[in-house]
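Values in this text are rule-based calculations from the coordinates and carry no lab data. Source: prediction; values computed, not measured. Note that each Cβ is placed from the backbone with ideal geometry, even for glycine, and that neighbours are counted across all protein chains shown.
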Amino acid sequence: MFEVIDLKGPQLPAISFRLGAGELVCLSGPSGAGKTLLLRALADLDANSGRVVLDGVPRPQITAPLWRRQVAYLPAESRWWAATVGEHFPDVQQSLLTELGFAPDVGSWQVERLSSGERQRLALARMLANQPRVLLLDEPTANLDPENIGIVERLVTEYIRVQQAACLWVTHAPEQIARIADRALYLDAGRISERKAA
C-alpha cells in the first residue's frame, strides 16, 4: 500500500520499508536519529531522493499538494496562521471535534489561548478532515494527559481500520507501542530495523 525504497536526504541515509493498508507501525529510536527527518521526507517537505509509492502510484506521478493531503504529516508542533480555531477548519465535521473532547463553540476559541495539548488534538482533527491514506505522526500524544492519550489512540486506530489507511507513529513510550502497534520499527545510526511491538 505504501512502499519506501532507498529514501535518502541530506542528513538521512538510505531507508526502505513498507506499510500495509490498515496497519499502524510505531517508529522509535534515540533523539537525533532522524525520525522527524524521515517523516518530512516521506511527506516530500524536504529534499530527498529514492522511490516512494502510494497504492501502486509512484510519488512523481502525484502533484505535491495532493501528495501532502494523501500522505499527511503531523509535526510535534503544528502551525497556526489565523486568530481563531474555526478559520483553520473549513471542512471538518463537528463530530470529529466532539470525539476529541472539544465543546461545540471551539471554532470561536482564540488560537493564542490554546494549550499545547489542545493544539495537538486540533491539528490531528485538521489532518484527518482531509481523509489521508497515510498518517505520519510525530509524537502526537507527547503533551497530553492519560485520558486524552487514550482518546487520540482510539481515534487514530479506528480511522486506520475503517479507512484502511496506514500510519507511521513516532513515539518514545514502550507502553504505547505495546498498546497500539501492529509492528514496531527502530531507527538508529542510519539503519531501520524491526522490533517486537508487544
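When Rg and the Kirkwood Rh are both derived from Cα coordinates, the Rg/Rh ratio for the chain amounts to 0.95.
Of all DSSP beta bridges located in the chain, what percent are antiparallel, nearest 5? Please list the in-between numbers first.
Working: 18 of 35 bridges.
In the chain, approximately 50 percent of DSSP beta bridges are antiparallel ones.
What do you get for trypsin sites (Lys or Arg not before Pro) in the range 72-152 restricted to DSSP loop and a cutoff of at most 10 other Cβ within 10 Å of the site's Cβ? Passing both the DSSP loop test and the Cβ count: R79.
Using Cβ counts within 10 Å as a stand-in for footprinting exposure, how do Y73, Y159 rank, fewest first? Kindly include the intermediate steps, with their values, before the conclusion.
Numbers: Y73 21, Y159 18.
Least crowded to most crowded, the residues run Y159, Y73.
With the radius of gyration and the Kirkwood radius both derived from the Cα set of the range 43-141, what is their ratio Rg to Rh?
Details: Rg = 14.9 Å, Rh = 14.7 Å.
Radius of gyration over Kirkwood radius for the range 43-141 works out to 1.01.
Look at the alpha carbon pairs under 8 Å that are at least 6 residues apart: their mean separation over the length of the chain gives a relative contact order of 31 percent. For the pair R18 and S108 in one chain, pulling the backbone fully straight at 0.36 nm per residue adds 28.3 nm over the alpha carbon distance. Taking a ≥ b ≥ c as the square roots of the eigenvalues of the Cα gyration tensor of the range 91-140, is the shape rounded (a/c under 1.5), prolate (a/b larger than b/c) or oblate? Here the range 91-140 falls in the oblate category. The ranking of L7, L96 from fewest to most other beta carbons within 10 Å of each one's beta carbon is L96, L7.
Simple rule: put +1 on each Lys or Arg Cβ and -1 on each Asp or Glu Cβ in the range 76-193, find the dipole, and look at I180, G117, G190; the Cα lying farthest toward the positive end is G190.
Around the Cα centre of the range 1-53, unit charges on the Cβ atoms of Lys, Arg, Asp and Glu (plus for the first two, minus for the last two) sum to a dipole of about 100 debye. With the charge dipole of the range 1-160 set up from +1 on Lys and Arg Cβ and -1 on Asp and Glu Cβ about the Cα centre, the Cα lying farthest toward the positive end among the listed residues V53, G32, Q93 is that of V53.
Of the chymotrypsin sites (Phe, Trp or Tyr not before Pro) in the range 76-127, which ones lie in a loop per DSSP and count no more than 15 other C-beta atoms within 10 Å? Please list the in-between numbers first.
Working: sites: W80, W81, F102, W109; in loops: W80, W81, F102, W109.
Here the chymotrypsin sites (Phe, Trp or Tyr not before Pro) that fit, given the DSSP loop and packing criteria, are W81.
Explain nothing, just the number: dipole magnitude of the chain about its Cα centre with +1 on each Lys and Arg Cβ and -1 on each Asp and Glu Cβ, in debye rounded to the nearest 20.
Values: 21 positive and 23 negative charges, 114 e Å.
I would put it at about 540 debye.
Which net charge results for the neighbourhood of L39, defined as the other residues with beta-carbon distances under 14 angstrom from its beta-carbon, given Lys and Arg at +1 and Asp and Glu at -1?
Counting the neighbours of L39, the net charge comes to -2.
Taking the fewest neighbouring Cβ atoms within 10 Å as the starting point, the ordered list for K35, K8 is K8, K35.
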